[in-house]
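Trainee: The structure under discussion is supplied below as structure tokens; questions concerning it will follow.
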């Protein structure tokens, strides 16, 4: 555990991953966020430096995690000109955890290689609690040798490696993550419609949900989102805006393969509607606001 660790992007996921590794006796030496107060608060908590530039982050650590929002943010932190994590990056290792387009992961690996650095995508299929407890499901893509070298660190984030998978070359893990979120989003939209119709019919939605859970209608989202849909509790763990983005990544992959995915297309349209009507920062369970009787955007 001699390597030093830094984090770029310390929202709910990045901050809790940093806390987890600090608990496991890794030295978190630097943090950075476009929202500087978030970085300063976490830096104070962890005894790290809140960096003002990306180049400072690279200089301060051996391994840098990036947990940013989208393709544009990922490209910005690895910019070819100006302030960038690539400055002085020779020998450094980047672990990129954002849900972004597969081609961007390929770009980042190539950019890192050009400056003598290493890159691994470590796509996460879990949420805030799992980030804090070290039980993230991690899907990794990149050079196998880089993955093997990082396994001791990654195991501390993935239930001692039980939830850690190597998928293949750069971009492949992002492809799988896009599929995971596409199917999750379809299931979420389907549950919202089923419970919404049950409510319109005057049925007890909790009883219906329990029956769903014991039949072919079962899915993981019944556990994560069912009660929240009924109770209109949409505190954000995974936003509708992110659901829209991630469904879009999957649909772009499908388009390149010449495939028509009508369920994914309809689901994205629902999340797009949430964004367009000011509900994009609600949790994805908020899709129920579009389907339950008597609800809807104000």
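Trainee: Out of the range 241-277, which residues are more than 18 Å from the chain's Cα centre (by Cα) and under 30 Å from residue 202 (Cβ atoms)?
Mentor: Listed by number, the residues that qualify are 263, 266, 267, 269, 270, 273, 274, 277.
Trainee: Residues being within 23 Å of residue 176 (Cα to Cα) and assigned to a helix (DSSP H, G or I): count how many of those fall in the range 70-116.
Mentor: Residues flagged as within 23 Å of residue 176 (Cα to Cα) and assigned to a helix (DSSP H, G or I) within the range 70-116 amount to 16.
Trainee: On to the next question. In the range 116-145, which residues are at positive phi and surrounded by fewer than 16 Cβ atoms within 10 Å (Cβ to Cβ)? Steps first, please.
Mentor: Residues of the range 116-145 at positive phi: 116, 134, 142.
Hit for the range 116-145 is 116, nothing else.
Trainee: Would you check if there is a residue in the range 182-196 being out of contact with any strand residue (DSSP E or B) (no Cβ under 6 Å at 6 or more places or on another chain), under 20 Å from residue 70 (Cα atoms) and surrounded by fewer than 21 Cβ atoms within 10 Å (Cβ to Cβ)?
Mentor: So far as the range 182-196 goes, yes, one or more of its residues are out of contact with any strand residue (DSSP E or B) (no Cβ under 6 Å at 6 or more places or on another chain), under 20 Å from residue 70 (Cα atoms) and surrounded by fewer than 21 Cβ atoms within 10 Å (Cβ to Cβ).
Trainee: Looking at (1) at pLDDT below 95; (2) outside any helix (DSSP H, G or I), can you tell me which one residue 120 breaks?
Mentor: That leaves (1) as the condition not met.
Trainee: For the structure I just gave you, tell me whether residue 174 is closer than 30 Å to residue 148 by Cβ and assigned to a loop (DSSP other than H, G, I, E, B). Even if it seems obvious, please write down each step before you answer.
Mentor: Numbers: closer than 30 Å to residue 148 by Cβ: yes; assigned to a loop (DSSP other than H, G, I, E, B): no.
No: the conditions fail for residue 174.
Trainee: May I ask you to verify whether residue 36 is surrounded by 18 or more Cβ atoms within 10 Å (Cβ to Cβ) and more than 27 Å from residue 250 (Cβ to Cβ)? Quick ask: steps written out before the conclusion?
Mentor: Working: surrounded by 18 or more Cβ atoms within 10 Å (Cβ to Cβ): no; more than 27 Å from residue 250 (Cβ to Cβ): yes.
For residue 36, the condition - surrounded by 18 or more Cβ atoms within 10 Å (Cβ to Cβ) and more than 27 Å from residue 250 (Cβ to Cβ) - is not met.
Trainee: Turning to a different aspect of this structure: Is it the case, given these coordinates, that residue 113 is surrounded by fewer than 22 Cβ atoms within 10 Å (Cβ to Cβ), more than 13 Å from the chain's Cα centre (by Cα) and either under 27 Å from residue 225 (Cβ atoms) or modelled with pLDDT under 95 (or both)?
Mentor: Details: surrounded by fewer than 22 Cβ atoms within 10 Å (Cβ to Cβ): yes; more than 13 Å from the chain's Cα centre (by Cα): yes; either under 27 Å from residue 225 (Cβ atoms) or modelled with pLDDT under 95 (or both): no.
For residue 113, the condition - surrounded by fewer than 22 Cβ atoms within 10 Å (Cβ to Cβ), more than 13 Å from the chain's Cα centre (by Cα) and either under 27 Å from residue 225 (Cβ atoms) or modelled with pLDDT under 95 (or both) - is not met.
Trainee: Still on this model: Just checking, how many residues over the range 115-128 are in contact with a strand residue (DSSP E or B) (Cβ under 8 Å, 6 or more places away or on another chain) and within 20 Å of residue 285 (Cβ to Cβ)? Walk me through it before giving the result.
Mentor: Just the residues of the range 115-128 that are in contact with a strand residue (DSSP E or B) (Cβ under 8 Å, 6 or more places away or on another chain), to begin with: 117-126.
Remaining after also requiring within 20 Å of residue 285 (Cβ to Cβ): 124-126.
Selection size over the range 115-128: 3.
Trainee: Okay, moving on. Have a look at 180, 146, 207 and point out the one that is in the same structural domain as residue 241 (by TED's automatic domain parsing) and over 25 Å from residue 247 (Cβ atoms). Talk me through it step by step, then tell me what you get.
Mentor: Numbers: 180 fails: over 25 Å from residue 247 (Cβ atoms); 146 fails: in the same structural domain as residue 241 (by TED's automatic domain parsing).
Among 180, 146, 207, only 207 is in the same structural domain as residue 241 (by TED's automatic domain parsing) and over 25 Å from residue 247 (Cβ atoms).
Trainee: Considering only the range 16-60, how many residues are in contact (Cβ under 8 Å) with a residue 60 or more places away in the chain and touching a strand residue (DSSP E or B) at 6+ places or on another chain (Cβ under 8 Å)?
Mentor: 3
The values are calculated or read from the model by the stated rules, or taken from the named source; none is laboratory data. These numbers were taken from a predicted model, which means no experiment stands behind them. A quick note on method: Cβ atoms are made from the backbone with ideal geometry, for glycine too, and the neighbour counts reach across all protein chains shown.
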